[in-house]
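Here the structure comes first, spelled out in structure tokens, and everything after it is commentary.
Values quoted throughout were computed directly from the atomic coordinates according to the rules given, and no laboratory measurement underlies them. None of the values given here were measured: they were computed from a predicted structure. Reconstructed Cβ throughout: ideal geometry from the backbone, glycine too, with neighbour counts over all protein chains shown.
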Amino acid sequence: MNRYFSTLLAGATGTATLLGLVVAPGAAADPGPQKPHVYTVSELVPGVPNSAQPKDTPDQTYESKPSANGKKPGKKPGKKPGKHTGKPGKQSGKPGKHTGKPAAGKPGGQEAAGSRAEKAPVVEYVPRTEVLRAPESAKAEPAEPACTTATGPFQKQVERYLKLKADGKQSPADCKAIAALQKRENISPANGFAGPATWGTIRLLEARANPNKEGRCPVPRMRKKGEHWAPRVACVDLPRQIMWVQNHDKVIFGPVAIRSGRAGYPTRPGKHKVYLRNRHHHSTIYNSPMPHSQFFDGGQAFHGISGNIYSPPGSYGCVNMRRPHAAKLWNILRKGDDVFVWGRKPAE
């Protein structure tokens, strides 16, 4: 009997000791594998510092070059640019005259310098701690950014495109592959962060071969072989944030990246027509220039911006594009051309 109670007591003591190890105050429990923090677009900032950041859309700074007489091109003494007055959706004033008929797709002489802007790096949005720092010497090149360990908002989408393990978690191998893509596509900083510029560039790359592969843009088919006449159609794909122009089955412009309306100011879907064009339009509502404006629905227009085409949250309804692209589009579309907008802008 004594041996039985001794065994029972020893067992109880061992159990109590084991429970004490589990629940003892101050004891650290193993939390298990932790999920990485996935950054949202709202947490990010431009990865390349710029002390002169332009205002948000559609009032981006217009870097208009002065002409030989020191005046901005397209402006005549005593004449004001077309006004964008009244409530949003209404546009008044006469557009600046567009003399001559340049060949489609060939930018005018004053836009030739725009090719440099088109080749400028696309700025990626990154966590604040990973902004590319300017070198101490003005002549020195910026230091190569370190490979990030942060998980971007579009990590899984970028992993799928690069045929990596699509687990939505950043790894050294992921970072190396993403950074290589960023270098090839002139995205800065090329630190391997899967942000909006990298994902937007991938969408554009996937669309280049055949942007209308799914037939979402209603383009008139060629009625007979060799037929060249047909309405040009400007196709605006809101889900992919790209646009292009087609004539029959041939893409004659783009696709290029765009920046459509933000929440509360969506770019309106549907079939429209270019009804007003103004090369040097200035919005009086937003007190901002809108270069190469081509209006297709009330106050909504195609026009160029100087800022980052991937910058959130979006325009006030206009279809923004990089200035060199807007200049080329100006020489392709004409008054009366069809514009078709469909889908919804993805949530950021």
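Before moving on, here are some points about what is shown:
- Based on the convex hull around the alpha carbon atoms, the stretch 188-279 presents an average projected area of 8.6 nm².
- Here the label points at Arg216 and Lys169, each 7 Å from Cα along the C-beta direction, are separated by 3.3 nm in the simple model.
- Between Arg160 and Arg133, residue separation times 0.36 nm minus the direct Cα-Cα distance comes to 6.7 nm.
- The protection proxy used here, the mean number of other Cβ atoms lying within 10 Å of each residue, ranks peptides 213-220, 171-178, 269-276 as follows, highest first: 171-178, 269-276, 213-220.
- Ordering 232-242, 122-132 by mean Cβ neighbour count within 10 Å, with the highest value first, yields 232-242, 122-132.
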